[in-house]
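These notes are about the structure you will find just below.
The values are calculated or read from the model by the stated rules, or taken from the named source; none is laboratory data. Here the structure is a predicted model, which is why all the values come from computation and not from measurement. Cβ atoms come from the backbone with ideal geometry, glycine included; neighbour counts cover every protein chain shown.
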Amino acid sequence: MGIPLIQQAKIAKYLLGKKLKGETRYPLAMMLEPLFQCNLECAGCGKIDHPKEILQKRMSVADALAAVDECGAPVVSIPGGEPLIHKELPQIVQGLIARKKFVYLCTNAILMPKHIDEYQPSPYFTWSIHLDGLEKRHDESVCMDGVFEKAVKAIKMARERGFRVTINCTLFNQEPPQEVADFFDYAMTLGIEGITVSPGYSYQHAPRQDVFLARNDSKKLFRDVFKLGKERKSKWVFNQSSMFLDFIAGNQSYQCTPWSNPTYNIFGWQKPCYLLVDEGYAKTYKELMETTEWDKYGVGINPKCDNCMAHCGFEGSAVNDTFANPLKALRVSLFGPRTDGAFAPDLPVKYGDRAAATAVHIPVSAIQRRPAVTNAGESKPN
């Protein structure tokens, strides 16, 4: 299916306008986190490690809409936490649609049967459902049995009601390429619009640190997966630019552009990006852009950034490359990422020893999978 033409056209117009004005730092997609509370405790999540009083906080409708207006990005992604726990989320989404923003509501889908009637199909609204693999793999990833089955049922329910539906998928350490390819094949049978995929970022606050991918491991995994897709002649559709896919396959050397995907949450505007959670906050978007020391972050510049290949940092970089080199981008779009030969060289290190600086020193916690969840799985503040 792919991204509808109306969305492609509006975003292309927006980007062209920024280019013609000579702007170099502008938002492409905004991350709007209206809460941190969740009804799951995923092993690779760095967003739920907060005290109870923080998990109980909710962003107001007025604050959410004001932040979106201030930022001006054409796309708004709503992650969490689990957004469907927020009682005023339907009003937030309605306000964004009224502003002609393309909204991606990211959810684990457990609460969708309870809340789906609060939303209406629209070309500006998409359910982005979290699936990290087939049943065994996904339930391991979210540390609870039965979630995969509920997510698949929710996808089918949303499609039957005429909603746009995508899945968002994070790949972790020691993923078998065959299983990932099998999962992508299966996902396309569900009638989804596309897949958003990214290598897992090593959140410092995640309960497990052994699950994340180092940079070269990410490149090898995606090459192996894409190679299988070509051999099978699979018809995978991704909700990402072809140049970003080429990047995660190790064929491009990009520096991240964190300003292209700014984050607003209950603390304010998060510096410098969605993934680094301990770098401070700004009160306004203008303050975020003017006071963040952007040159202190990036691959080879800051060890916290070195293993990151996430779409929230590099999709903007890939889009810039697409505009600068349209023929190269067209070739990748037609034939897919290259799956053999040498990787593109890493950006040079400016701080010392990359291997020592990026080594994990946090002990691995013991994670136990919880029993299957029921439809009444809506978490409430304790």
Of the residues in segment 265-282, those that are farther than 21 Å from PRO199 by Cβ and either buried (at least 20 other Cβ atoms within 10 Å of the Cβ) or in contact with a strand residue (DSSP E or B) (Cβ under 6 Å, 6 or more places away or on another chain) (or both) come to ASN265, PHE267, GLY268, TRP269, LYS271, TYR281, ALA282
Can you name the number of the only condition in (1) surrounded by 14 or more Cβ atoms within 10 Å (Cβ to Cβ); (2) closer than 23 Å to ALA282 by Cα that THR24 fails? (1)
Subset tally (residues that are buried (at least 24 other Cβ atoms within 10 Å of the Cβ) and either among the polar types (S, T, N, Q) or in a loop (DSSP other than H, G, I, E, B) (or both)) for segment 251-264: 4
When you go through (1) crowded, with 23+ Cβ neighbours inside 10 Å; (2) of a type outside the set (Asp, Glu); (3) more than 19 Å from CYS45 (Cα to Cα) one by one for GLY95, which number turns out not to apply? (1)
Which residues, taken from segment 1-16, are in a loop (DSSP other than H, G, I, E, B) and loosely packed, with under 12 Cβ neighbours inside 10 Å? GLY2
Working carefully through the options ALA158, ALA181, ALA154, find the one that is of a type outside the set (D, E, K, R), over 17 Å from the mean Cα position of the chain (by Cα), part of a helix (DSSP H, G or I) and under 27 Å from LEU28 (Cα atoms). ALA158
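Yes or no: segment 50-60 includes at least one residue that is out of contact with any Lys or Arg (no Cβ under 7 Å at 6 or more places or on another chain), among the small types (Gly, Ala, Ser) and either crowded, with 17+ Cβ neighbours inside 10 Å or not in a loop (DSSP other than H, G, I, E, B) (or both).
Step one: filter segment 50-60 for residues out of contact with any Lys or Arg (no Cβ under 7 Å at 6 or more places or on another chain), giving 50-60.
From the residues that got through so far, the ones that are among the small types (Gly, Ala, Ser) too are 60.
Filter once more, so that each one left must be either crowded, with 17+ Cβ neighbours inside 10 Å or not in a loop (DSSP other than H, G, I, E, B) (or both): none.
Within segment 50-60 (the criterion being out of contact with any Lys or Arg (no Cβ under 7 Å at 6 or more places or on another chain), among the small types (Gly, Ala, Ser) and either crowded, with 17+ Cβ neighbours inside 10 Å or not in a loop (DSSP other than H, G, I, E, B) (or both)), the answer is no, since none of the residues qualifies.
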It is to be established whether one or more residues within segment 81-89 are modelled with pLDDT under 95 and not aromatic (Phe, Trp, Tyr). yes
Within segment 123-143, the residues that are among the hydroxyl-bearing types (Ser, Thr, Tyr) and either under 13 Å from VAL165 (Cβ atoms) or in a helix (DSSP H, G or I) (or both) are THR126, SER128, SER141
Identify, by number, the condition in (1) in a loop (DSSP other than H, G, I, E, B); (2) closer than 15 Å to THR24 by Cα that VAL277 doesn't meet. (2)
Of all residues being in contact (Cβ under 8 Å) with a residue 40 or more places away in the chain, in a loop (DSSP other than H, G, I, E, B) and of a type outside the set (Ser, Thr, Tyr) in segment 227-250, which is nearest to GLU23 (Cα to Cα)? Just the residue, please. GLN240
Would a scan of segment 283-292 turn up a residue that is in a helix (DSSP H, G or I), at pLDDT 95 or above and buried (at least 19 other Cβ atoms within 10 Å of the Cβ)? yes
